[in-house]
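Taking it in order: structure first as structure tokens, then the write-up.
Bear in mind that the values in this text are calculations on the coordinates, not laboratory data. Note that the structure is a prediction, hence the values are computed from the model and not measured. So basically every Cβ, Gly included, is an ideal-geometry build from the backbone, and we count neighbours across all protein chains shown.
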Amino acid sequence: MKTDQVASMPLADLVGGCAAGDARALHRLYDVLAPHFFGIALRIVGDARIAEDVLHDTFVQIWRQSDKFDRRKGTARGWMVSLLRYRAIAERGRRPGGEASAPSAKAFQATSGATVPPDAEERERVLRLNRCLGDLPEKPRRCIALAFLNGLPHDRIASDLVAPVATVKIWIRQGVMRLKECSNFHGQ
């Protein structure tokens, strides 16, 4: 396969390329996703050096486990982000005092240059998601941030927000549904 063909492949096809042993597919995934993934890891672990290690280890895991990705169960991006998040949360848990602080409202404003993907389409998707996050009510937005960006479990979020766990789960579920609706609406 030619390099320009690899460059234009959808993420799921690139993961499939990794499963077939195509190192160019892994390099393309890294080029497209590393800046955004680094931002996610940094938010979770709170240290740039550790975030770089998490990023590296995640791409090694993507390479090694790409044959386990199943398109029927979700998107390639979702699968890879879950690998990243679990690795970052595990790394944070290994360190003494490994709790990430709750993100401020500013965390949902325009993403910094370090986390904006270079690809124009991906950059627009991130900016659209940020706009949609900004439209959410405060509590669902905070719950989503604590769960997805900081990797906190529901019971810890409930404790931090002084709310029942069931309420936190509802806020997260409703917030995610609103984000999907908003990002799909803006994406058309």
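Report the net charge of residues surrounding Ala41, where surrounding means a beta-carbon distance below 13 angstrom and charges are Lys +1, Arg +1, Asp -1, Glu -1. Don't skip to the answer; put the middle values down first.
Working: positive: Arg43, Arg49, Arg85, Arg87, Arg92; negative: Asp47, Glu52, Asp53, Asp57, Glu91.
Net charge around Ala41: 0.
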Practice task
Give me the net charge of Gly175's neighbourhood, meaning all other residues with Cβ under 13 Å from the Cβ of Gly175; Lys, Arg count +1, Asp, Glu -1.
Solution key: +4
